[in-house]
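J.: Dropping a structure here in structure tokens format, bear with me for questions.
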Amino acid sequence: MYSKKERGLTLVELMVAGLLGAIVVLTMTTVYVSVVRSGSETLQMSKLNQELSALMGIMVGDIRRAGFNGAVNTSALSTNPFSQVDSTTLEVIDSKASNTQVAANSSSGGECIVYTFDADEDGVLDDIDIFGFRLNSGVVQMRQQGDAANARHDSCANDSDDTWLDVTDGAVVTVETLNFALNFSACLNTAEPNEIDDDGDSTTDEADEADCYTVAPSTGDITTETREITITLVGSLVADPDVRVSLTQNVRVRNDMVRVRA
């Protein structure tokens, strides 16, 4: 009779096997958590992007109509009630706090834009024809209406005549940057060429003399300004500031500003 020797795993082998199993489980758990977290961040990013994209679409569509007059008379464009300088024309303001107008061809831009257009197409400036967007403590606000009886509508301050409404939820999204820049706008002096050395460099009718942002027009000159605004919008989630979205878009105002220079 022969005895058969049976043999199992040693304690060391069991410990090694257990360690390897723990490493595998830990690795799989880490990968799972990473995938779930990445999926959650992607979903949050997508929701934030949708919200800011919708806001950008609203601003672009609205700003594009600045200066529109439903009862326009092409022979009197310079008297358009929705495009009067220092009153109803489109202007960029540096911020709600300082409320200072930004130069027409400035590249720095500002946090607020104001303008008017004939929403009810009656050719008359009404309260509901006065609009704007501004950044106020991380929230984007839209001017729903103003006071047509007030001669000045180029203000981003908390004027009692204006009604500003939140269009973003400050409890969910923090808008870090809202900037409107006019650096792609252009101004043409229709008086050129006039055989006059307007810039005093001993040469007449140069290209810069026709640019009324470069050379100041003379009294009585008719100028045409095309406004193109670059809108920059940056926002993040309040619950997770690392989730951020940045959008930039250009919008060309359809209605040029025609005026007779004083």
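The values are calculated or read from the model by the stated rules, or taken from the named source; none is laboratory data. The model shown is predicted, which means the values in this text are computed figures rather than measured ones. Positions of Cβ are backbone-derived with ideal geometry, glycine not excepted, and every protein chain shown enters the neighbour counts. The area values use the complete protein model at the heavy-atom level, side chains included, leaving out ligands, DNA and RNA. Shrake-Rupley method; radii C 1.70, N 1.55, O 1.52, S 1.80 Å.
J.: Charges only on Cβ, +1 for Lys and Arg, -1 for Asp and Glu: so what's the dipole of the chain about the Cα centre, in debye to the nearest 20?
T.: My answer is approximately 2560 debye.
J.: Relative to the longest principal Cα axis of the chain, at what angle does helix 11-63 sit, 0 to 90 degrees, rounded to 10?
T.: 10
J.: So what is the accessible area of the chain per residue, in Å², with the probe set to 1.4 Å?
T.: In whole numbers, the chain has 56 Å² accessible per residue.
J.: On a C-alpha basis, how far is the centre of region 200-234 from the centre of region 111-166 in Å? Whole number, if you could?
T.: First find each Cα centre; the distance between them is then 27 Å.
J.: With each run of n ≥ 4 DSSP H residues scored as -39500 (n - 2.57), what mean residue ellipticity at 222 nm is computed for the chain after dividing by its residue count and rounding to the nearest 500 deg cm²/dmol?
T.: Value at 222 nm, helices only, nearest 500: -8000 deg cm²/dmol.
J.: Quick one: compute a quarter of the convex hull surface over the Cα atoms of region 129-172 and quote it in nm².
T.: 3.0
J.: Further question on the same structure: Of Leu188, Leu247, which has the most accessible area and how do the rest follow, probe 1.4 Å?
T.: The most accessible residue leads, giving Leu188, Leu247.
J.: Counting only protein heavy atoms and a 1.4 Å probe, tell me what percentage of region 149-224's accessible area is made up of carbon and sulfur.
T.: Carbon and sulfur: 50 percent of the exposed surface of region 149-224.
J.: Taking amide H positions as placed 1.01 Å from N in the peptide plane, with prolines and chain starts having none, which residues 5 or more places from Trp164, or on another chain, fall under 5 Å of its amide H?
T.: Hits under the 5 Å cutoff: Gln144.
J.: Please report, for the Cα atoms of the chain, the Rg to one decimal and the Dmax as a whole number; what are they, in angstrom?
T.: Radius of gyration, then largest Cα-Cα span, for the chain: 30.4, 129 Å.
J.: Show me, for region 202-212, the HN-Hα J-couplings you get by feeding each phi into the Karplus relation (A = 6.51, B = -1.76, C = 1.60, θ = phi - 60°), rounded to Hz, glycine and proline as x.
T.: 6, 10, 9, 6, 7, 4, 6, 6, 7, 8, 6
J.: Residue by residue through region 128-140, which ³J(HN,Hα) values in whole Hz follow from phi under the Karplus form 6.51 cos²θ - 1.76 cosθ + 1.60 (θ = phi - 60°), with glycine and proline marked x?
T.: With coefficients 6.51, -1.76 and 1.60, one gets 7, 9, 10, 10, x, 9, 8, 9, 9, 6, x, 10, 8 Hz.
J.: Still on this structure: Skipping prolines and chain starts, which residues have an amide H placed within reach, meaning under 5 Å, of the one on Thr89, given they are 5 or more residues away or on another chain?
T.: Residues meeting the amide H criterion: Gln84.
J.: Further question: Rank-order 12-23, 228-239, 54-65 by packing density, defined as the average count of other C-beta atoms within 10 Å over each peptide's residues, highest first.
T.: Taking the mean over residues of other Cβ atoms within 10 Å, the ranking is 228-239, 54-65, 12-23.
J.: Give the share of C-alpha pairs in each 10 angstrom bin for region 132-262, from 0 to the last occupied bin, in whole percents, shortest bins first.
T.: P(r) for region 132-262, in whole percents per bin: 11, 26, 27, 20, 12, 4, 0.
J.: Which ³J(HN,Hα) values in Hz, rounded to whole numbers, follow from the phi angles of region 229-243 under the Karplus curve 6.51 cos²θ - 1.76 cosθ + 1.60, where θ = phi - 60° and Gly and Pro get x?
T.: In residue order, the calculated couplings are 10, 9, 9, 10, 10, 10, x, 9, 7, 5, 6, 8, x, 6, 8 Hz.
J.: Taking H placed 1.01 Å from N in the peptide plane, check which residues at least 5 places from Arg254 or on another chain put their amide H under 5 Å from its amide H.
T.: Ala66
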